[in-house]
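Please read the structure below before turning to the comments.
The values are calculated or read from the model by the stated rules, or taken from the named source; none is laboratory data. Computed from a prediction, not measured in an experiment: that's the story for all the values here. Note: ideal-geometry Cβ built from the backbone for every residue, glycine included; neighbour counts use all protein chains shown.
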Amino acid sequence: AEAVVTEDWNGTGATSDGLRVKVLANVGSAKDARAAVEAGAEGVGLFRTEFSYLDATDEPSVADQQAAYAAVLAPFHGKPIIVRTLDAGADKPLAFLAPDPEPNPALGVRGIRVSRERVDVLDRQLAAIVGAAAETGAEVSVMAPMVATVEEATWFADRAHAAGVERAGVMIEVPAAALVADEIFGAVEFVSIGTNDLAQYTLAADRQLGAVAALNDPWQPALLRLIGMIGKAGLAAGKPVGVCGEAAADPNLAGVLVGLGITSLSMNAGAIRKVGAALAKHTEDTYRQVARAALVSHKASDARATVHAMLS
Ligand code: PEP
Ligand code: MG
C-alpha cells in the first residue's frame, strides 16, 4: 500500500510570522460540507447554491430551499460561511431561470443579471438563506455572482440587508468590477474574487475550451495585477478580500495571493491541508516578494516557475 502523506498543519491559516489568512472550503452540497469540516476547513468561502438545482424544472419553494441550505450550514455552527445567490446561466444553466436563446451565454444574462430580472426569485432565496442561518447558528454572509458595476453591488447589498442579511458582499469575477473595486468596497462588507471567471473574462478565453487553456491560466500576470488592485482597495477600505476560484488551491499561487493582500482563501476540501501547511512555511514579506516577481513575469509559465523556485 502507498504511504499516507499527512500535511503538517495546525488548522489555523497563517503565515509563519502570524498573518492570519483563513483557509476555507468551496461547497455545493451537505456531503461537501461534511467533507470540508473533516478536512479542517475554518469555514466556507463559497457555497454554490445553484448546484442543488441543476436538475430542477421548477423553482424550489422557500421551505425546500431553507431545508437544503440548513443541511449545508449545520456542520459549520459558529463558523463563517458565505452563501452565494444563484449563479444561473452560461456553464450553470437552471431550467427555471433559462434566458431567451443567447449567442454568447458567458456574456449574457447570468448571475446577478438574472436576479435583476427576477427579483422575486432573489427575494425568496434570501428569505430561505436568512431562515437557514437562524436555524443553524452558522455565521452567514451572502454574496452575488457576476457583478460588473458599483450600481449592481449597491443594489444587491440593499436588497440583502433589507432581507435581514448582516454581511453582504459581491464576487469580483468581471474585470470591470476589479477596475472599480475601491468604489465597490463603499457598497459592501466584503468581496470574494472568482478567479475562474476573472481569468476567462480578462484573457477573453472560454473556461470550458481546451484550445485556450494556456491563456486561461491563473498565473497570468495580467490576472495577478487585477487581483493586486483589488487587494490594495480592500486594504485601504479595511475590508476582507477572499479568493474562491481554483487559484486558491495551488499552494504556491496561494502565497502570491497573500502577497497581493488577499485575506482568505477558499478551495475544494482536498486542497485545504496542503494549502494550510504551505502558507505556514514562509513570512508575509516573502509572499510579498514572490507576488512582485509574479507581477513582472512575461508569461504565466515564467511566473509559476519563478515563484516555485523562490518558495522551495
Ligand atoms: C469563479 O468564477 O472563480 C467562481 C468561484 O465561481 P464559479 O466557478 O462557480 O463560476
Ligand atoms: Mg464564477
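Any chance region 224-237 includes a residue that's assigned to a loop (DSSP other than H, G, I, E, B) and out of contact with any Asp or Glu (no Cβ under 7 Å at 6 or more places or on another chain)?
No, there is no match, as no residue in region 224-237 is assigned to a loop (DSSP other than H, G, I, E, B) and out of contact with any Asp or Glu (no Cβ under 7 Å at 6 or more places or on another chain).
So SER141 ticks every box in (1) farther than 27 Å from PHE185 by Cα; (2) outside any helix (DSSP H, G or I) but one. Which box is left unticked?
Evaluating SER141 over (1) farther than 27 Å from PHE185 by Cα; (2) outside any helix (DSSP H, G or I) leaves (1) as the failure.
Within region 227-244, how many residues turn out to be surrounded by fewer than 24 Cβ atoms within 10 Å (Cβ to Cβ) and either within 14 Å of ligand 1 (Cβ to nearest atom) or modelled with pLDDT under 95 (or both)?
Count: 0.
Give the residues of region 99-122 that are part of a helix (DSSP H, G or I) and within 14 Å of GLU59 (Cα to Cα), sorted by residue number.
If the condition is that a residue be part of a helix (DSSP H, G or I) and within 14 Å of GLU59 (Cα to Cα), then VAL114, SER115, VAL119, ASP120, VAL121, LEU122 are the ones that fit.
Only one of VAL109, VAL140, VAL119, VAL130 is within 16 Å of ligand 1 (Cβ to nearest atom) and either modelled with pLDDT under 95 or of a type in the set (Val, Ile, Thr) (or both); which?
VAL109
Name the single residue that is modelled with the lowest pLDDT among those in region 59-85 being in a loop (DSSP other than H, G, I, E, B) and over 17 Å from the mean Cα position of the chain (by Cα).
GLY78
Considering only region 169-184, how many residues are surrounded by 24 or more Cβ atoms within 10 Å (Cβ to Cβ) and away from ligand 1 (no atom under 16 Å from the Cβ)?
Qualifying residue count, region 169-184: 1.
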